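Enquirer: Please read through the structure below; I'll follow up with questions.
The values are calculated or read from the model by the stated rules, or taken from the named source; none is laboratory data. Fair warning: this is a prediction, and the values are worked out from it, not measured in the lab. Cβ sites come from the backbone with ideal geometry, for glycine too, and all protein chains shown count toward neighbours.
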Amino acid sequence: MILPKQHLEKGKLLEVLSSSQYQPCGVDITLKEVYNFKSQGVIDFDNRERKISEVEPLEFSEDRVTLRPGAYKVIFNEYVRIPSDTTAMCLPRSSLLRCGVTLECALWDPGYEGRSEALLLVKNEHGITFKRNAKIGQMVFVKLAENTDSLYEGAYKGENR
């Protein structure tokens, strides 16, 4: 079951939002920061050798950032808290797709909290310009049939406070 707007408004899942961010089936997620990738990463089975790619921030100029085709790390403005009976997903807004850009997000597990990061892929050969705080994704919260046996306690819990 997708959680209704009333549940989101109780402040359990997200920091205070603008009323324009509430959609019929989710909440618009906005752009806080954009980063260029500067190194390769390493992913293994048990995370003992995991190495996250280094990044460098891209600066907004006059409240805008222009991106050429490529892959970028983005951080959202919204700080999320996922309860034990809920999971969340984020999809790109259709306006993003219509500009030749997409957003790739991981699943938010019960117990996760933080200001999440995602992968922004600019496929349009002409690039794209974002204004600061642009709406780039729509987060959908799904109520689980029952609470999970364990909550997320991984390395990214509490990230980007």
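Enquirer: What pairs come up if the first residue lies in region 19-30 and is closer than 15 Å to PHE76 by Cα, the second is modelled with pLDDT of 85 or more and part of a helix (DSSP H, G or I), and their beta carbons are under 9 Å apart, counting only those six or more places apart or on different chains?
Expert: VAL27/GLN21; ASP28/SER20; ASP28/GLN21; ILE29/GLN21; THR30/GLN21
Enquirer: Scan TYR112, TYR79 and give me the residue that is over 24 Å from SER20 (Cβ atoms), among the aromatic types (Phe, Trp, Tyr) and either modelled with pLDDT of 95 or more or surrounded by 14 or more Cβ atoms within 10 Å (Cβ to Cβ) (or both). Outline the logic, then answer.
Expert: Numbers: TYR79 fails: over 24 Å from SER20 (Cβ atoms).
Criteria check complete, one pass: TYR112.
Enquirer: Which numbered condition trips up LYS10, out of (1) farther than 18 Å from TYR156 by Cα; (2) loosely packed, with under 10 Cβ neighbours inside 10 Å; (3) at pLDDT 90 or above; (4) basic (Lys, Arg)?
Expert: So LYS10 meets the others, but not (3).
Enquirer: Another question, then. Tally up the residues in region 82-101 that are surrounded by fewer than 16 Cβ atoms within 10 Å (Cβ to Cβ) and either on the phi < 0 side of the Ramachandran plot or in contact with a Leu (Cβ under 9 Å, 6 or more places away or on another chain) (or both), please. Write out each step before concluding.
Expert: Pass one, region 82-101, residues surrounded by fewer than 16 Cβ atoms within 10 Å (Cβ to Cβ): 84-85, 89, 94-95, 97-98, 100.
With either on the phi < 0 side of the Ramachandran plot or in contact with a Leu (Cβ under 9 Å, 6 or more places away or on another chain) (or both) added as a condition, the list becomes 84-85, 89, 94-95, 97-98.
Summing the residues that are surrounded by fewer than 16 Cβ atoms within 10 Å (Cβ to Cβ) and either on the phi < 0 side of the Ramachandran plot or in contact with a Leu (Cβ under 9 Å, 6 or more places away or on another chain) (or both) in region 82-101 gives 7.
Enquirer: Of (1) at pLDDT below 95; (2) surrounded by fewer than 17 Cβ atoms within 10 Å (Cβ to Cβ); (3) of a type in the set (A, V, I, L, M), ALA71 satisfies all except one. Which?
Expert: (1)
Enquirer: Follow-up question, since we're still on this one. Looking at GLY127, GLY111, GLY137, GLY100 in this structure, which one is in contact (Cβ under 8 Å) with a residue 24 or more places away in the chain and under 17 Å from VAL27 (Cβ atoms)?
Expert: Details: GLY127 fails: under 17 Å from VAL27 (Cβ atoms); GLY111 fails: under 17 Å from VAL27 (Cβ atoms); GLY100 fails: under 17 Å from VAL27 (Cβ atoms).
Being in contact (Cβ under 8 Å) with a residue 24 or more places away in the chain and under 17 Å from VAL27 (Cβ atoms) holds for just one of GLY127, GLY111, GLY137, GLY100, which is GLY137.
Enquirer: Can you pull out every residue in region 43-65 that is over 16 Å from ALA155 (Cβ atoms), of a type outside the set (Lys, Arg) and exposed (fewer than 12 other Cβ atoms within 10 Å of the Cβ)?
Expert: Matches in region 43-65: GLU56, GLU59, SER61, GLU62, ASP63.
Enquirer: In contact with a strand residue (DSSP E or B) (Cβ under 7 Å, 6 or more places away or on another chain) and touching a residue at least 60 places away in the same chain (Cβ under 8 Å): does that describe CYS90? Don't jump to the end; show me each part of the working.
Expert: Numbers: in contact with a strand residue (DSSP E or B) (Cβ under 7 Å, 6 or more places away or on another chain): yes; touching a residue at least 60 places away in the same chain (Cβ under 8 Å): yes.
Yes: the conditions hold for CYS90.
Enquirer: Take ARG161 and decide whether it is in contact (Cβ under 8 Å) with a residue 24 or more places away in the chain and over 13 Å from THR30 (Cα atoms). Full working, then the answer.
Expert: Details: in contact (Cβ under 8 Å) with a residue 24 or more places away in the chain: yes; over 13 Å from THR30 (Cα atoms): yes.
Taking the combined requirement at face value, the residue satisfies it.
Enquirer: Still on this structure: Identify all residues within region 23-41 that are surrounded by fewer than 15 Cβ atoms within 10 Å (Cβ to Cβ) and more than 23 Å from VAL122 (Cα to Cα); write none if there are none.
Expert: GLN23, PRO24, CYS25, listed by residue number.
Enquirer: Kindly state which strands (runs of 3 or more DSSP E) lie completely within region 75-161 and contain at least 3 residues that are under 13 Å from the mean Cα position of the chain (by Cα).
Expert: Values: elements: 86-92, 101-104, 117-122, 128-131, 135-143.
Correct list: 86-92, 101-104, 117-122, 135-143.
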